[in-house]
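A short reminder: the numbers here are calculations on the coordinates, not readings from a lab. Since the structure is predicted, the reported quantities are computational estimates derived from the model, not experimental observations. Glycine gets a Cβ as well: all are built from the backbone with ideal geometry, and neighbour counts include every protein chain shown.
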Amino acid sequence: MGPDHNLIWIVTLMVLTQILAFYLVKDLEWKWVIFWAYVFGSCINHSMTLAIHEISHNFAFGLNSSKVLWNRLFGMFANFPVGLPYSVSFKRYHMDHHRYLGADGIDVDIPTDFEGWFFCTRFRKLFWIILQPLFYAVRPLCINPKPISRLEVLNLVTQVSFNVLIYYLWGAKPVVYMLGGSLLGMGLHPISGHFIAEHYMFLKGHETYSYYGPLNMITFNVGYHNEHHDFPYVSGRNLPKVKKMAAEYYDDLPQYSSWVKVLYDFVMDDTISPYSRMKRKATGDIKQD
């Protein structure tokens, strides 16, 4: 429980690192811009999306209602090097994911019927993984569209302003590096294995899985996913402590040690597809952000 103030300094350092990278790539040949976007920028930007995940749970400044706006504004700051304005919208939809996991028409983490129907062969599943950023962006508009909030408008204005500033200072190459790093990092990339590892049913009866491999060190322990859903008010930094305290519960659950293997198995296993998710009807009093 409680905030993780280390997020403030870690995220600030990550933003400054990417701004330095923007400056360094401005005079490179295009092939090297794309190379570094995948090798370095993709890792930083995907890691930043998971920092934004932590911030969406209000862990940067705390859970107190007086600090909620601080968390939203800090999420916009963390959003800068990602290039695409999404931090505020992500928070709104992610809270639905926790409250109504797998709920039809509410949880936009569930692929659409089209995705499940079309991306059913090995080649198409590989293509689906590459295009994951596109589907995560479009899916909310198809499944659960929401009115645009003032904070989302502010997120858009500040992000576009940042992108224009980078272009004005250093030209197109840093902007391509920035956007390319985000799109490549959330597509066919080792870290993106967490998208599939978290809730795709490789084993019937198990809809949430944890990953305990080394990539947790740069992803704010998002791999501790059973623990995160059980205790959503515990920051990623403290989730290993949760696992240690309740080892008798977590140690015997199905788990992963490689996100790369998750991606490989998803593509090569003909029994797994975007349909391999638990979908349920929402019941009770439904409250969405």
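Some observations on this one:
- FRET efficiency, 1/(1 + (r/R0)^6) with R0 25 Å, evaluated for residue 17 and residue 169 via beta carbons: 0.90
- Within the same chain, lysines fewer than 8 places from residue 173 are excluded, and of the rest, those with a Cα less than 18 Å from its Cα are 26, 31.
- Between region 35-99 and region 165-227, the alpha-carbon center distance in angstrom: 12
- Interchain or long-range residues, amide H under 5 Å from residue 103's placed H: 280
- In this label model, residue 114 and residue 31 are separated by 3.7 nm, measuring between points 7 Å along each Cα→Cβ vector.
- Residue ranges 135-145, 50-60 sort as 50-60, 135-145 when ordered by packing (mean number of other C-beta atoms within 10 Å per residue, highest first).
- Residue 142 versus residue 241: modelled label distance in nm, points set 7 Å from Cα along the beta carbon direction: 4.2
- Using a Gaussian network model of the chain in which every pair of alpha carbons under 10 angstrom is joined by a spring, one finds that among 127, 195, 114 the greatest mean-square fluctuation is at 114.
- Rounded if a/c under 1.5, otherwise prolate or oblate - region 171-272, Cα gyration tensor axes: oblate
- Nonlocal amide H pairs with residue 255, under 5 Å, H built at 1.01 Å: none
- Entry note, the chain: the mean residue ellipticity at 222 nm calculated from DSSP H runs of n ≥ 4, each adding -39500 (n - 2.57), is -17000 deg cm²/dmol after division by the residues and rounding to the nearest 500.
- Put simply, when 251-259, 176-184 are sorted by average Cβ atoms within 10 angstrom per residue, most first, you get 176-184, 251-259.
- Calculated FRET efficiency, residue 150 to residue 233, Cβ-Cβ distance, R0 = 25 Å: about 0.45 to the nearest 0.05.
- In region 163-289, Cα pairs under 8 Å separated by at least six residues give a relative contact order of 26 percent.
- Judged by the ratio a/c of the largest to the smallest principal axis of the C-alpha gyration tensor, region 1-108 counts as oblate, that ratio being 1.5 or greater while a/b is no larger than b/c.
- Residue-count net charge about residue 206 - beta-carbon cut-off 13 Å; Lys, Arg +1, Asp, Glu -1: -1
- Virtual spin-label span in nm between residue 161 and residue 218, 7 Å along Cα→Cβ: 3.2
- Judged by the gyration tensor of its Cα atoms, with axes a ≥ b ≥ c, the chain is rounded; a/c sits under the 1.5 cut.
- If the segment from residue 261 to residue 282 were pulled out straight at 0.36 nm per residue, it would be longer than the present Cα-Cα gap by 4.3 nm.
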